[in-house]
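Down below is the structure, laid out as structure tokens.
The values are calculated or read from the model by the stated rules, or taken from the named source; none is laboratory data. Computed from a predicted structure; not experimentally measured. Cβ coordinates were reconstructed from backbone atoms using ideal geometry, including for glycine residues, and neighbour counts include every protein chain displayed. Please note that ligands, DNA and RNA were not included when accessible areas were found on the heavy atoms of the full protein model with its side chains. Shrake-Rupley method; radii C 1.70, N 1.55, O 1.52, S 1.80 Å.
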Amino acid sequence: MSAIPHPNRRTILGSAGLAAAATALLGPGALATPTRYSRRAVAVVNRSLVIDMLAPLSLTNTPDSYAQHLSPAKLDDYRTCGITAFHNSVGFNGSDAYAEVLAYFAAWSGFVGRNSDHFTLVSLAEDLDRAKRSGKIAMIHGVQNADHFRTVDDVRTFYEIGQRVSQITYNRQNLLGSGSTERVDGGITDFGAAIIAQMNKVGMLIDVSHSGDRTTLEAIEISTQPIAFTHANCRALNNHPRLKTDEAIRKLAAKGGVMGITGVRMFVRDREPTTVEHIVDHIDHVVGLVGIDHVGIGSDCDLYGYDKMPDAENRELRSHYKTSYAFRSRLDTDGYDHPRKVFDLTEALIRRGYSDANIAAILGGNFRRLLGSVWKAPV
């Protein structure tokens, strides 16, 4: 989805979630075996490089969220959540996206610097491996739009600053293409094609999670590199405009791309109940359609979820979206709405009969391969 930065929002990371079950010596994912999870699930997560390819460190973007050191309780949640790497990305629809994105990257780079004992900023895929070995939490800079690219040269500028992923569009029309909730999808524009070419050249991952159907297909075709749906589900299972068609999934996979499955409730299922088992339905669908190598996770929320937000902030968030988004009373999916949701997902994958190796691929191995093939050292 995720939250659009707004100057009146307050931090709501809070101390929600389960009590920590590991000591401070344990790195991310190194959860001591609790009664809630099987030994197998804990072992698979602990040894996997888990990459959540859409996971804001906070659903708000104010000094409350990025300017302070983490409390011990929040740090324990990060260290025992099972996630190694967070793609820290939100949508920008402001009138001065260039300045807003610069401020966003400065704020969260500062957060990583002030918390460098526990966090590290990602530049290349090898940094993900290093974070896993050292027990640190990796942060990937991304943006859920491309309005900050005023010229083609801006792509290199932002790559050198640290941006490693960019969506082509958010939900609406921009200078590059059409969003998923536009009435008419005109596809990739000439300017969009030039931006895609420059993203390929510098090594920035292209993401079309929020793009319209035609824009999605044309971006895949134009790009010379594999691209991603970092957080999108399957329209064949849930007829929602923000989700991806089987045609798009097949073309993504044929180009070597990876699709991250999201846990946002109305993207998972259009009726109740909506549980973590229905998230796995989307994983099953992608695997059946294109194979195990092209699916991952992109939760599209922070550790605590949208439903932990104060009511006023939740209402303000929803106000940014059209009625076609089909919001329900809750935004988070049952069993995938707390800091250790990766363990619940792993248990569900085990119940479906996935092998440990395939679970590791879904949790992060597939995105690690994609990022390793796309990202380049800045030159």
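Within region 325-336, how many residues turn out to be open to solvent by 20 Å² or more (accessible area, probe 1.4 Å) and touching a residue at least 60 places away in the same chain (Cβ under 8 Å)?
6
Can you tell me which residues in region 146-186 are in a helix (DSSP H, G or I) and within 23 Å of G260 (Cα to Cα)?
Matches in region 146-186: Y159 only.
So T84 fits all but one of (1) of a type in the set (S, T, N, Q); (2) open to solvent by less than 10 Å² (accessible area, probe 1.4 Å); (3) out of contact with any His (no Cβ under 9 Å at 6 or more places or on another chain); (4) under 29 Å from G212 (Cα atoms); what number is the exception?
(4)
Please find, among D307, D344, the residue that is open to solvent by 40 Å² or more (accessible area, probe 1.4 Å) and in a helix (DSSP H, G or I).
D307
Any residue at all in region 269-278 that's within 26 Å of M139 (Cα to Cα) and of a type in the set (K, R)?
no
For the condition out of contact with any strand residue (DSSP E or B) (no Cβ under 9 Å at 6 or more places or on another chain), open to solvent by less than 10 Å² (accessible area, probe 1.4 Å) and in contact (Cβ under 8 Å) with a residue 12 or more places away in the chain, what is the one hit in P339, P378?
Matching residue, one of P339, P378: P339.
Looking at T215 and the list (1) among the polar types (S, T, N, Q); (2) in a helix (DSSP H, G or I); (3) open to solvent by less than 10 Å² (accessible area, probe 1.4 Å); (4) under 13 Å from S166 (Cα atoms), which single condition is not satisfied?
Of (1) among the polar types (S, T, N, Q); (2) in a helix (DSSP H, G or I); (3) open to solvent by less than 10 Å² (accessible area, probe 1.4 Å); (4) under 13 Å from S166 (Cα atoms), only one is false for T215: (4).
What's the number of the only condition in (1) in contact with a Phe, Trp or Tyr (Cβ under 7 Å, 6 or more places away or on another chain); (2) on the phi > 0 side of the Ramachandran plot; (3) of a type in the set (A, V, I, L, M, F, W, C) that A326 fails to meet?
Answer for A326: the failing condition is (1).
Suppose we keep only residues that are open to solvent by 10 Å² or more (accessible area, probe 1.4 Å) and hydrophobic (A, V, I, L, M, F, W, C) within region 254-300. Which one would you say is nearest to P339 (Cα to Cα)?
Ranking the qualifying residues of region 254-300, first place goes to V276.
Taking the options Q225, Q173, Q198, name whichever one is farther than 20 Å from S299 by Cβ, surrounded by fewer than 24 Cβ atoms within 10 Å (Cβ to Cβ), of a type outside the set (V, I, T) and touching a strand residue (DSSP E or B) at 6+ places or on another chain (Cβ under 7 Å).
It is Q173.
On the given criteria, is V50 more than 18 Å from S109 (Cα to Cα) and surrounded by fewer than 24 Cβ atoms within 10 Å (Cβ to Cβ)?
Spelling it out, it is not the case that V50 is more than 18 Å from S109 (Cα to Cα) and surrounded by fewer than 24 Cβ atoms within 10 Å (Cβ to Cβ).
Being modelled with pLDDT of 95 or more and open to solvent by 50 Å² or more (accessible area, probe 1.4 Å) is the filter; apply it to region 33-45 and report the residue that is nearest to the chain's Cα centre (by Cα).
Going through the qualifying residues, I end up with R40.
With the structure loaded, tell me whether I161 is within 21 Å of the chain's Cα centre (by Cα) and open to solvent by less than 10 Å² (accessible area, probe 1.4 Å) or whether it fails that test.
Considered against the rule, which asks whether it is within 21 Å of the chain's Cα centre (by Cα) and open to solvent by less than 10 Å² (accessible area, probe 1.4 Å), I161 comes out as no.
Evaluate the following for R315: is it open to solvent by 20 Å² or more (accessible area, probe 1.4 Å), at pLDDT 95 or above and within 23 Å of H210 (Cα to Cα)?
It is false that R315 is open to solvent by 20 Å² or more (accessible area, probe 1.4 Å), at pLDDT 95 or above and within 23 Å of H210 (Cα to Cα).
Out of curiosity, is T120 part of a helix (DSSP H, G or I), open to solvent by 20 Å² or more (accessible area, probe 1.4 Å) and of a type in the set (S, T, N, Q)?
The answer is no for T120.
Under 6 Å between Cβ atoms, at least 6 apart or on separate chains: pull out the pairs that start in region 190-212 with a residue that is at positive phi and end on any residue that is open to solvent by 10 Å² or more (accessible area, probe 1.4 Å).
Listed by first residue and then by second, the contacts come to G203/W375; G203/K376.
Kindly evaluate L363 against the criterion of being buried (at least 24 other Cβ atoms within 10 Å of the Cβ) and touching a strand residue (DSSP E or B) at 6+ places or on another chain (Cβ under 7 Å).
So L363 passes the test.
Within region 55-109, track down each residue that is over 19 Å from the mean Cα position of the chain (by Cα), acidic (D, E) and part of a helix (DSSP H, G or I).
Residues satisfying the conditions are D64, D76, E100.
Could we say that S58 is open to solvent by less than 30 Å² (accessible area, probe 1.4 Å), modelled with pLDDT of 60 or more and closer than 27 Å to N233 by Cα here?
yes
Any residue in region 298-324 that's farther than 18 Å from N233 by Cα and without any contact (Cβ under 8 Å) to a residue 24 or more places away in the chain: show its pairings with residues that are surrounded by fewer than 20 Cβ atoms within 10 Å (Cβ to Cβ) and of a type outside the set (S, T, Y) at Cβ separation under 6 Å, as long as the two are six or more apart or on different chains.
R318/F327
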